[in-house]
Amino acid sequence: QVLLVKSGGGLVQAGGSLRVSCAASGLPFSNYALHWFHQAPGKEREFVAAIGRNGGDIDYADSVKGRFTISRDNAKNTVYLEMNSLKPEDTAVYYCAARFLAVSRFDSGMIYWGKGTLVTVSS
């Protein structure tokens, strides 16, 4: 079966940085566009970032442009989200997700989801 796992969550002060990662096994990694979503307490899950199969087609939510960087290493079956200049409103559970072939901003289009990791940004 397919497995997506995450690491790198935790507590950070506002203005700080954190990197989360998601490693996949059991799927042809390069066939999938990869995404990050997050869900704050009491809020709906929303799109954060996306990256295409070959590392192109990069897309970010307006709220994180210039602060977050998504990248992938197909040889390591891993996707990363580097988060800089963190704000308290970034506090959320972060999920990686995979969609066959093309990127999307809609969580309903995702086929596989990671377990989620909590990022807490203190003011």
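The values are calculated or read from the model by the stated rules, or taken from the named source; none is laboratory data. All figures in this text were calculated on a predicted structure; none of them were measured in a lab. A quick note on method: Cβ atoms are made from the backbone with ideal geometry, for glycine too, and the neighbour counts reach across all protein chains shown. What goes into the accessible areas is simple: the full protein's heavy atoms, side chains included, and nothing from ligands, DNA or RNA. Shrake-Rupley method; radii C 1.70, N 1.55, O 1.52, S 1.80 Å.
Return the pairs, sorted by first residue and then second, in which the second residue is in a loop (DSSP other than H, G, I, E, B) and of a type in the set (Ser, Thr, Tyr), the first residue lies in segment 31-47 and is in contact (Cβ under 8 Å) with a residue 40 or more places away in the chain and closer than 19 Å to Thr69 by Cα, the beta carbons are less than 8 Å apart, and the residues are 6+ apart or on different chains.
Hits for this filter: Ala33/Ser104; His35/Ser104.
From (1) open to solvent by 50 Å² or more (accessible area, probe 1.4 Å); (2) free of Cβ contacts under 8 Å to residues at least 40 places away in the same chain; (3) touching a Phe, Trp or Tyr at 6+ places or on another chain (Cβ under 8 Å), pick out the condition that doesn't hold for Arg53.
(2)
Taking the criterion of being hydroxyl-bearing (Ser, Thr, Tyr) and at pLDDT below 95, would at least one residue in segment 81-88 satisfy it?
Taking segment 81-88 first, the residues hydroxyl-bearing (Ser, Thr, Tyr) are 85.
Still in the list and also at pLDDT below 95: none.
No: zero hits.
Taking segment 2-15, which residues are at positive phi and part of a loop (DSSP other than H, G, I, E, B)?
Initially, segment 2-15 is screened for residues at positive phi, giving 8, 10, 15.
Of everything in segment 2-15, those that are at positive phi and part of a loop (DSSP other than H, G, I, E, B) turn out to be Gly8, Gly15.
What single numbered condition from (1) surrounded by fewer than 20 Cβ atoms within 10 Å (Cβ to Cβ); (2) over 16 Å from Leu11 (Cβ atoms) fails to hold for Gly114?
Here Gly114 clears every test but (1).
Taking only segment 33-67 into account, find how many residues are under 20 Å from Leu118 (Cα atoms) and within 10 Å of the chain's Cα centre (by Cα).
Going residue by residue through segment 33-67, those that are under 20 Å from Leu118 (Cα atoms) are 34-50, 60-61, 63-64, 67.
Still in the list and also within 10 Å of the chain's Cα centre (by Cα): 34-38, 47-50.
Qualifying residue count, segment 33-67: 9.
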